[in-house]
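To start, the structure under review is shown below, and the notes come after it.
Every read-out reported here was derived from the displayed coordinates using simple, explicitly stated rules and does not represent laboratory data. Model, not experiment: these values are computed from the prediction. Neighbour counts run over all protein chains shown; Cβ positions are idealised from the backbone, glycine included.
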Amino acid sequence: MINKKQNVLIAYALVMGTAFFTAFSYIFGKKVSEDLYPETVAFYWFFGAFLFAVIKRLIFMVFGTKFRVPIKELSRYKEVMIISSIITVFGVAFWVIALRSVGPPVTSFLMKFQVVFSVILGAALLNERLRKLEIFGIILTIMGGVVIAYDTSGFELKGSIFAIMAAFCYSCLFIIVRKRSSNLNMMMVATLRSLGVSIIGILYLLFSDRFQLPSNIDLIYMLIGGTCGAYIGKALQFQAIKLVDVSRTTAVTPLEAVFVVLLTFFFFDTIPSSSKLIGGGFIVVGVIFLLIFRKENLD
């Protein structure tokens, strides 16, 4: 029992770290020039994450720290690397489009649909029970999404749909990590995922003749954003997934939306409209509702 409680506390601390670093990735993602293709952003984003991982390991090697994953064991990571890389390519492209269409706060609120998808997928694939009160939380979250998407000039369908599609991709990613990586080093999983996305991205850009050279400042934004979100943030969340169920690790992420709103005001001096905040509030309440009753369901 003590170990179980310790795991839950550690997992929540890890996910809080995920929320903090991921929030910064929204800000740097928004700062990147919209002249760059989403696929181009995805490539540099994850190349930055992979570059950071390589530099970190080189520093460890210089100071005599041993690699935690022997080279001979890398073959164990092949399956999760390939699957997670493919899913991530689509997820990050959808995320960039949403970010440009509706901005960081709204995209962050709608990305909380990860919780809904994770609960549903967890019930379907991991035999996690789904109760009526959890269904109510799902309905509340969906209502929040509708309120956010609605605007006086119509429905902001494009950005909203792409944000929800990105949320679905990342929910699938977490399920895959949960099922395939329970005995793997999560930092290595995050590193190889970044490498896989970089390889897929550069091949696509070259063969589609869409390769672009960004400005120096855009390159810096993408390298920093990728390091914060694609490597540090996801590595922390992947580690949390090993300790508790997927829905718990995603349910704490409403903190991410709070961080994003605050950072958006700090960096861009803007705040979402009252309707967006109300819709975001519905989503946050729905997610918290899911967290409470999922916890009771699993205890």
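Output the peptides 270-281, 22-33 sorted from most to least packed, where packing is the average of other Cβ atoms within 10 Å over each peptide's residues. Spell out each step's value before the answer.
Values: 270-281: 16.6, 22-33: 22.7.
Peptide ranking by packing, descending: 22-33, 270-281.
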### Query
Taking other Cβ within 10 Å of each residue's Cβ, how do D269, D218 sort, fewest first?
D269, D218
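Of K78/K234; K31/K179; K78/K242; K30/K158; K112/K132, which ones are farther than 28 Å apart at the Cα?
Working: K78/K234 18 Å; K31/K179 35 Å; K78/K242 18 Å; K30/K158 17 Å; K112/K132 20 Å.
Listed pairs above 28 Å: K31/K179.
Order 235-243, 203-211, 35-43 from most to least packed using the mean count of other Cβ atoms within 10 Å. Numbers along the way, then the final one.
On the way: 235-243: 24.2, 203-211: 12.0, 35-43: 21.8.
Sorting 235-243, 203-211, 35-43 by mean packing, highest first, produces 235-243, 35-43, 203-211.
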